[in-house]
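Report on one structure; see the data block that follows.
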Amino acid sequence: MRVAVIGAGYVGLVSGACFAEMGHEVVCLDKDPARVASLLGGRVPIYEPGLDEMVRANVQVGRLSFSTDLAPAVRDAEVVLIAVGTPARHSDGRADLSYVYGAAREIAEAVAGYTVIVTKSTVPVGTGDAIERIIRRHRPEARVAVVSNPEFLREGAAIGDFMEPDRVVVGTEDSRARAVMAELYRPLAERGAPVLMTGRRTSELIKYTANAFLAMKITFINEIADLCESVHADIADVADGVGLDSRIGARFLQAGPGYGGSCFPKDTLALLRTAQDYGVSLRLVEDTVSVNDARKRAMARKVIEALGGSVEGLTVAVLGLTFKPDTDDMREAPSLSLIDALQRGGARIHAHDPAGMEQARQHLEDVAFFADPYRCAAGADAVVLMTEWQALCSLDLALLREAMAGVVFVDLRNAYPEEQLLRHGFFVSGIGSAPKRPRPQVVAADGPAMIDRSATHFGMPPS
Ligand code: UDX
């Protein structure tokens, strides 16, 4: 099928490349000539594992191209995807739909023949109706169907999420459009992906409901992690113990410093605004948002307590800055709240991230950045593991400990077995377990080091 994708941003590029990979003929459109030129030259301006190769391979075989010229691409397309940004407006947290409506006007002017217009961007309930009104106003004679088809892509895993989705959701009341969408997704359906056909408003709400539920699931396990710290229970085992119940499911039960990113914070707020508009209160979603905000700030207190109550004049090395691994995205990253709070407390900040330092520089001031994690830790009183990048979860702990001035290791992702950190002489503060002092090692006369478990203390930092 011939597909035009409007917006060569994250969602547009991943969708465009994947539809081309599925065998469709795809043109990705973007207003930015520099971006289009760079893509035509095989340079993908975002960091997403596997995307570079997929773009290059499909450009080479002629299934994927890029252009700034919207009209001819839309005119020739059977399916037009709207994949432009819907950032949260600073004023009220609502999704800013001006790019979506702008795209709708341009599509209206260009369409010829029956065309299915698909919203891939995450848009509030009722946006499909508004797009349809815009198109009908501009071109009353245009034969179009407006379909909702939300994406469920995780950054860092987007290609896999697209090509092997848990489900594809298609929302439209138009039976011809349903048939076109079934054809578009046939390669995935043939490989077993469930395709849920439903109404347009229902489909729009499914996206927000999924994200709000996941945000709530993470926030719930984070609260239980706090309780674990007080009652001396183990959060990893609690999560396993409840996650093995198939009604609950094991995924998204990893306690941490709070969720960030471009989707959960924005989509939970937008859902609350929609509910407000219809006079409905979503108290669980409201609490999820405020509990998560408070949690991100509370992470600094963990570091301060581990350092004996003050960070004034101390150096804290933050390892991992992006909101999660395998992305350079710093939006709503918990590291930003942590660093801000530590700086307010008088700490000097060293920071390292495998991919996000360039982005991080735009958000952070007075931070010393290091390309190497061990240099970052050199002379630090505490190390905080903020993002679970694979490279940061397999550090040489002896080398790290040696480089540091202090012994505090705050593991906000529980990436290292506590036992291992204690053995290397760290004072350990993780998520969902009480802080612990290093274990003095007793060397047996003719045997390996033995661990003196009685020396473990709860709650107090090393003197
Ligand atoms: C999310 C949704 O997963 C995706 O379906 C949607 O389309 C866009 O939003 P993304 O924001 O890329 O994707 O990242 P995700 O992997 O979902 O993580 C979001 C945040 O939750 C991160 O800050 C992550 O660290 C946190 N998280 C995730 C946890 O703290 N614990 C978990 O168990 C899972």
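Laboratory data are not the source of any read-out in this text; all were calculated from the coordinates shown. Just so you know, these numbers come straight off a predicted model, no measurement behind them. In this analysis, Cβ positions are derived from the backbone assuming ideal geometry, glycine residues included, and neighbour counts consider all displayed protein chains.
Computed over the chain, relative contact order equals 10 percent, with contacts defined as Cα pairs under 8 Å that lie 6+ residues apart.
For GLU173, the residues whose modelled amide H falls within less than 5 Å of its own, excluding neighbours fewer than 5 places apart on the same chain, are ARG200. At a Förster radius of 35 Å, what calculated FRET efficiency corresponds to the Cβ-Cβ distance of ARG191 and GLU141, to the nearest 0.05? With a Förster radius of 35 Å, E is 0.35. Label sites at ARG167 and ASP52, each approximated as a point 7 angstrom past Cα along Cα to Cβ, lie 3.6 nm apart.
With both labels modelled 7 Å from their Cα along Cα-to-Cβ, the ASP293 to THR202 distance reads 3.4 nm. For the stretch 134-141, the Karplus equation 6.51 cos²θ - 1.76 cosθ + 1.60, evaluated at θ = phi - 60°, returns couplings of 4, 5, 5, 5, 6, 9, x, 8 Hz by residue, with Gly and Pro reported as x. Think of the chain as having a plus end and a minus end, set by charges on the Cβ of Lys, Arg, Asp and Glu; of LEU338, ALA103, ALA371, ALA103 sits farthest toward the positive end of this dipole.
From Cα pairs below 8 angstrom and at least 6 apart in sequence, can you work out the relative contact order of the stretch 43-109, rounded to a whole percent? It would help to have the intermediate numbers written out before the result.
Working: 32 pairs, mean separation 14.3, N = 67.
Relative contact order, the stretch 43-109: 21 percent.
Take every pair of alpha-carbon atoms less than 8 Å apart whose residues are at least six positions apart; their mean separation over the length of the stretch 330-383 yields a relative contact order of 35 percent.
In sequence order, the stretch 423-434 has phi-based couplings of 4, 7, x, 8, 7, 10, 10, x, 9, x, 8, 5 Hz under the Karplus curve 6.51 cos²θ - 1.76 cosθ + 1.60, θ = phi - 60°, and Gly or Pro positions carry x. Subtracting the Cα-Cα distance of ALA34 and THR68 from their residue separation scaled by 0.36 nm leaves 11.3 nm.
Less than 5 angstrom separates the built amide H of ILE431 from those of ASN414, all sequence-distant by 5 or more or on a different chain. Residues TYR278, TYR10, TYR374, arranged from fewest to most other Cβ atoms within 10 angstrom of their Cβ, appear as TYR278, TYR374, TYR10.
Once the Cβ-Cβ distance of SER246 and GLU286 is raised to the sixth power relative to R0 = 25 Å, the FRET efficiency obtained is 0.30. Karplus-derived 3J(HN,Hα) values for the stretch 407-420, using 6.51 cos²θ - 1.76 cosθ + 1.60 with θ = phi - 60°, are 10, 7, 10, 9, 9, 7, 10, 6, 7, 10, x, 3, 3, 5 Hz; glycine and proline are entered as x.
Just want the ordering: ARG143, ARG297, ARG94, ARG413, from fewest to most Cβ atoms lying within 10 Å of their own Cβ.
Numbers: ARG143 11, ARG297 14, ARG94 17, ARG413 21.
Result, fewest neighbours first: ARG143, ARG297, ARG94, ARG413.
Bridgeable lysines around LYS436 (alpha carbons under 19 Å apart, same-chain partners fewer than 8 residues away excluded): LYS302.
Check cross-link reach from LYS207 to the lysines: straight Cα distance under 20 Å, and skip same-chain residues fewer than eight apart. Candidates past the 8-residue exclusion: LYS120, LYS217, LYS266.
Amide H to amide H, with H built 1.01 Å from N, VAL195 comes under 5 Å of VAL168, counting only residues 5 or more places away or on other chains.
Under the simplified labelling scheme, the ALA112-GLU419 pair shows an inter-label distance of 7.1 nm, with each label point 7 Å from Cα along Cα→Cβ.
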